[in-house]
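Here is the structure we will look at, set down as structure tokens.
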């Protein structure tokens with residue numbers, strides 16, 4: 001029965017992925033297209049001039065010369081000139097693409113710093129560089145493994161546990177690290193959606209983002225408030241669950257960390273910077289592919305990219321393949337053609353994958369390491385806090 005359930009879930013995920021990719025590719029063209037006012041006539045080919053007039057070179061047909069006055073406009077008054085994938089790729093500015101790699105490469109180093117913050121706060125003094133290596137390894141599995149981000153998180157938890165004798169606590173903090181990342185991302189998207197004008201495409205997400213953020217915040221408050229925990233009999237519920245001793249240690253670890261507000265504030269700030277860096281890499285890619293990317297729409301790019309990252313984290317296709325691109329198609333439509341947006345989305349996936357490749361080496365080297373014995377200072381630091389958590 002369990003095997004049948006697993007097969008059914010995977011089949012649903014694959015189906016969603018296929019449907020999403022089909023929807024994404026609708027409207028994506030290899031050639032450039034110009035829509036005219038001549039009864040909606042469409043000229044398809046390669047645009048070789050587009051300043052005073054638009055010249056379209058067409059295979060097997062005479063070259064079309066279209067005056068600017070004869071080009072149709074959309075609802076926003078923009079000329080209906082759509083550049084296809086061929087032009088987007090051929091005219092891509094290679095130096096900007098290289099810069100996007102350099103920008104995104106900062107992400108795993110920031111992830112390593114955030115992970116170190118959380119581990120040290122709970123008495124596991126793992127250095128920044130091992131945490132960074134573990135982040136590289138987890139990222140590679142996130143982007144390359146068929147299971148998506150689940151595989152990367154499990155691998156990070158396993159590698160971190162090999163550096164500490166308190167394995168349950170160390171593994172718990174890896175998943176808390178992931179939760180902080182998603183919660184900060186959701187908070188930023190919600191704030192931007194709420195402040196966006198009604199004409200913005202981000203305003204469509206306003207109520208969904210507010211509902212999701214509100215539900216998540218309520219869950220955190222209920223979980224961490226002692227009075228509510230007693231009312232809900234959280235201790236009794238834990239006692240009836242399997243592996244109760246492990247769950248109690250997980251619970252104690254999360255509540256200990258919640259009391260370290262300074263550490264949490266640093267982790268949230270690091271996460272915000274991390275997301276800005278990743279969004280900046282996508283912004284540079286969009287500019288390289290000819291999309292409208294300027295200082296005036298930086299916030300829209302940040303919010304749109306962040307929304308795509310949230311979509312990737314939702315249950316569904318691994319790494320949100322197809323579904324994230326659908327979100328990009330909707331949110332970035334004012335800034336480029338469908339072909340340019342899809343090219344930018346897949347170029348960003350490629351950048352993420354390439355920047356995670358050092359994780360292959362780090363995963364192998366981390367696997368060969370043995371667990372580190374706890375130090376005297378570690379034991380002394382943790383014991384009192386564990387005792388207080390248990391008493392609570």
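All of the numbers you see were taken from the coordinates with simple rules; none came from a lab. Worth saying up front: this structure is predicted, and the values here are computed from it rather than measured. Quick reminder, even Gly has a Cβ in these numbers, built from the backbone with ideal geometry, and neighbours come from all protein chains shown.
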Segment residue 222-residue 208, length gained on full extension (0.36 nm per residue, minus Cα span): 2.9 nm
Pair residue 244, residue 101: separation of 7 Å Cα→Cβ label points (nm): 5.6 nm
Two-site FRET efficiency, residue 261 against residue 93, from Cβ-Cβ distance with R₀ of 56 Å, rounded to 0.05: 0.80
Segment residue 37-residue 109, extension gain: residue separation times 0.36 nm, minus the distance between their alpha carbons: 20.7 nm
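Using the beta-carbon distance between residue 65 and residue 333 and R0 = 25 Å, what value does 1/(1 + (r/R0)^6) give for FRET efficiency, to the nearest 0.05?
Details: r = 28 Å, r/R0 = 1.12.
E between residue 65 and residue 333, to the nearest 0.05, is 0.35.
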Residue 234-residue 201 pseudo-label distance in nm [points 7 Å out on the Cα-to-Cβ vector]: 4.1 nm
